[in-house]
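Colleague: Here it is, the structure, as structure tokens.
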Amino acid sequence: MDAPVPELEARARACADALLEAEEVLLASHIDADGLTSAAVAATALRRAEVPFETVFEKQLDANSVAGIAARGYDTVLFTDFGSGQLDVIADHEAAGEFQPVIADHHQPADADTRLHLNPLLEGIDGASELSGAGAAYLLARALAARCEARLSNRDLAALAVVGAVGDMQTSGGELHGANAAVVAEGVEAGVLSETKDLSVYGKQTRPLPKLLEYASDVQIPGITGDERGVISFLDDLEVDPRADGEWKRWVDLTDDEKRAVASALVRHAVSRGVPAFKIDRLVGTTYVLEEEAVGTSLRDASEFSTLLNATARYERADVGLAVCLGDRGEALEQARELLRTHRRNLSEGVEWVEEHGVTAEGHLQWFDAGEEIRETIVGIIAGMSMGANGVSRDVPIVAFARKNDAETKVSGRGTGSLVGQGLDLSVVMREAARAAGGDGGGHDIAAGATIPAGNETEFVERADEVIGEQLG
Ligand code: C5P
Ligand code: C5P
Ligand code: ZN
């Protein structure tokens, strides 16, 4: 099997060597599904390589949080799923001899560099669609195993890397591409992953069939989406028995033939209701299954697993998500499931809030200010989900504000693949507009964020509108 990304291997080896020489490492990572899986991959690899380390999570990396990290006095700091965008700040601490940074990230780098920097963008690989933070951490983990001639190759960690990539929405056309696909292939070979073409809706492991179809909102199907009675009559008309012992089956309870029968009936129903072909295509995609997890649990499906992780880390419980990633199937998993119920409620209430209050259209963007109504840690997810919802266009990028604290406002920007194809780069938009408004930001072309002083939202919108206008010009 070829290495996922030969050009990155040398960077991974250099990073691994520095970590193996470190006295004690501080592992710092981001609070979302990709950040958690990045940390879990790196932590497992460090433990197996017998490198002492401690783990911390940050909501956001900025001058303050980097200074806090420096003050902890570790000789080496491993940043995963962030760090590249704050290289200017990190490089200053490095120059002052405070710590040796090692970075495994996939965000757009700031104007500075450092020696131990593993980022797909440095090798012409897209950090928004071809390798996630967890993928970068996985390359590091493989290099660590190889460099210390470990018994384990760390290829079992490919499963977590795929959860990170799926959590960062790196799939397009229903599947992972590029270096991500190479990571999948290694996971399949290691026996920890499998990929199947399947119905592409959320909840195949855990939801009863009626809820699975009723709540699937990515592709709106009249008579199914949000229509409990419609779904039940659809299911009862099938050749397949949707119940067992009087209880609704879940998708995983169906045989392969039954799955195919339900999926084709759903496609026929969608066609008959006039759903356009390009949307019907989105009903089927690749599902990534974690082979070592129990059937019928959210951990078995990469997409459900990643949502479970977001439900912990974005609510200040990264410790719970990390414990689940590291194998806790008892108390931590129970807590994560509880947090997931709240998270899902917040997401649907958030999208409803946006639909009710509407967005303001500017020349080249649309925006809303959720104030305190939506938590700043999930406003980006909601902005993305609301594109295409009632009253929200998919033809222009969306910018969302939420209150962070008395002094600061969180900003999230989201675009679409088609807008990126036309020249949109939200990492530049967010950075430029944030700087014009007295803050800073960054991210990816398709999704980026920023923090600005409270009260400067208008300046932000004006500058963002200009920059987007230039990009899409
Ligand atoms: O910090 P990070 O890289 O982990 O987060 C990426 C963010 O970009 C996620 O919130 C993800 O939902 C978003 N994204 C998106 N659309 C894509 C790719 C990523 O909204 N096509
Ligand atoms: O916070 P949000 O989900 O909107 O972030 C979208 C993307 O932008 C994520 O990849 C995040 O890491 C990145 N981001 C950043 N700098 C910020 C805020 C967000 O690089 N100040
Ligand atoms: Zn990421």
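The values are calculated or read from the model by the stated rules, or taken from the named source; none is laboratory data. These numbers were taken from a predicted model, which means no experiment stands behind them. Here the Cβ positions follow ideal geometry from the backbone for every residue, glycine too, while neighbour counts run over all protein chains shown. Accessible surface areas use protein heavy atoms only, side chains included; no ligands, DNA or RNA. Shrake-Rupley method; radii C 1.70, N 1.55, O 1.52, S 1.80 Å.
Colleague: Given the condition within 16 Å of ligand 2 (Cβ to nearest atom), touching a Leu at 6+ places or on another chain (Cβ under 6 Å), touching a residue at least 12 places away in the same chain (Cβ under 8 Å) and open to solvent by less than 10 Å² (accessible area, probe 1.4 Å), answer yes or no: does some residue in the range 22-35 qualify?
Modeller: Yes, the range 22-35 contains at least one residue that is within 16 Å of ligand 2 (Cβ to nearest atom), touching a Leu at 6+ places or on another chain (Cβ under 6 Å), touching a residue at least 12 places away in the same chain (Cβ under 8 Å) and open to solvent by less than 10 Å² (accessible area, probe 1.4 Å).
Colleague: Given the conditions (1) within 16 Å of ligand 1 (Cβ to nearest atom); (2) touching a Pro at 6+ places or on another chain (Cβ under 9 Å), report the number of the one that residue 77 does not fulfil.
Modeller: Residue 77 satisfies all of (1) within 16 Å of ligand 1 (Cβ to nearest atom); (2) touching a Pro at 6+ places or on another chain (Cβ under 9 Å) except (1).
Colleague: While we're here: In this structure, is residue 258 surrounded by fewer than 18 Cβ atoms within 10 Å (Cβ to Cβ), closer than 17 Å to residue 209 by Cβ and touching an Asp or Glu at 6+ places or on another chain (Cβ under 6 Å)?
Modeller: Judged against the criteria, residue 258 is not a match.
Colleague: Looking at (1) without any contact (Cβ under 8 Å) to a residue 24 or more places away in the chain; (2) in contact with a strand residue (DSSP E or B) (Cβ under 8 Å, 6 or more places away or on another chain); (3) among the aliphatic types (A, V, I, L, M), which is the one condition that is false for residue 104?
Modeller: Condition (1) is where residue 104 drops out.
Colleague: Of the numbered conditions (1) out of contact with any Ser or Thr (no Cβ under 6 Å at 6 or more places or on another chain); (2) in contact (Cβ under 8 Å) with a residue 12 or more places away in the chain, residue 278 satisfies every one except a single condition; which is it?
Modeller: Here residue 278 clears every test but (2).
Colleague: Name the residues in the range 152-184 that are in contact with a strand residue (DSSP E or B) (Cβ under 9 Å, 6 or more places away or on another chain), more than 16 Å from ligand 3 (Cβ to nearest atom) and open to solvent by less than 50 Å² (accessible area, probe 1.4 Å), would you?
Modeller: Scanning the range 152-184 gives 158, 159, 174, 181, 184.
Colleague: Moving to a separate point now. Need the failing condition index for residue 102 against (1) within 16 Å of ligand 2 (Cβ to nearest atom); (2) on the phi < 0 side of the Ramachandran plot, just the number.
Modeller: (1)
Colleague: Could you list all residues from the range 128-158 that are under 15 Å from residue 180 (Cα atoms) and assigned to a loop (DSSP other than H, G, I, E, B)?
Modeller: Residues satisfying the conditions are 128, 129, 130, 131, 132.
Colleague: Test residue 406 against the stated conditions and say whether it is at pLDDT below 95 and among the charged types (D, E, K, R).
Modeller: no
Colleague: Now for a separate question. Look at residue 192 and say whether it is closer than 28 Å to residue 278 by Cβ and either among the β-branched types (Val, Ile, Thr) or open to solvent by less than 10 Å² (accessible area, probe 1.4 Å) (or both).
Modeller: Against the criterion (closer than 28 Å to residue 278 by Cβ and either among the β-branched types (Val, Ile, Thr) or open to solvent by less than 10 Å² (accessible area, probe 1.4 Å) (or both)), residue 192 does not qualify.
Colleague: Would you please name the residue that is nearest to residue 451 (Cα to Cα), looking only at residues in the range 59-105 that are open to solvent by 50 Å² or more (accessible area, probe 1.4 Å) and within 16 Å of ligand 3 (Cβ to nearest atom)?
Modeller: Among those residues, the one meeting the criterion is 60.
Colleague: Let me ask something additional. When you scan the range 1-107 for helices (runs of 4 or more DSSP H) that lie fully inside it, which ones turn up with 1 or more residues that are under 23 Å from residue 190 (Cβ atoms) and within 23 Å of the chain's Cα centre (by Cα)?
Modeller: So the answer is 6-21, 33-48.
Colleague: For residue 42, only one of the following conditions fails: (1) over 26 Å from residue 443 (Cα atoms); (2) in contact with a Ser or Thr (Cβ under 7 Å, 6 or more places away or on another chain). What is its number?
Modeller: Unmet for residue 42, out of (1) over 26 Å from residue 443 (Cα atoms); (2) in contact with a Ser or Thr (Cβ under 7 Å, 6 or more places away or on another chain): (1).
Colleague: Checking the conditions here, which among 416, 451, 409 is among the polar types (S, T, N, Q), closer than 17 Å to residue 366 by Cβ and within 15 Å of ligand 2 (Cβ to nearest atom)?
Modeller: Criteria check complete, one pass: 416.
Colleague: Has the range 348-363 got at least one residue that is surrounded by 23 or more Cβ atoms within 10 Å (Cβ to Cβ), modelled with pLDDT of 95 or more, hydroxyl-bearing (Ser, Thr, Tyr) and more than 9 Å from ligand 2 (Cβ to nearest atom)?
Modeller: Within the range 348-363, none of the residues are surrounded by 23 or more Cβ atoms within 10 Å (Cβ to Cβ), modelled with pLDDT of 95 or more, hydroxyl-bearing (Ser, Thr, Tyr) and more than 9 Å from ligand 2 (Cβ to nearest atom).
Colleague: Residues being over 20 Å from residue 293 (Cα atoms) and either buried (at least 22 other Cβ atoms within 10 Å of the Cβ) or among the aliphatic types (A, V, I, L, M) (or both): count how many of those fall in the range 200-233.
Modeller: Count: 9.
Colleague: Something else now. Just checking, does the range 177-193 include any residue being part of a loop (DSSP other than H, G, I, E, B), outside the structural domain of residue 231 (by TED's automatic domain parsing) and within 17 Å of the chain's Cα centre (by Cα)?
Modeller: For the range 177-193, residues part of a loop (DSSP other than H, G, I, E, B), outside the structural domain of residue 231 (by TED's automatic domain parsing) and within 17 Å of the chain's Cα centre (by Cα): present.
Colleague: If a residue must be more than 23 Å from residue 155 (Cα to Cα) and either in contact with a Phe, Trp or Tyr (Cβ under 7 Å, 6 or more places away or on another chain) or not in a helix (DSSP H, G or I) (or both), how many such residues does the range 260-306 contain?
Modeller: 10
Colleague: Of the conditions (1) under 16 Å from residue 443 (Cβ atoms); (2) in a loop (DSSP other than H, G, I, E, B), residue 125 satisfies every one except a single condition; which number is it?
Modeller: (1)
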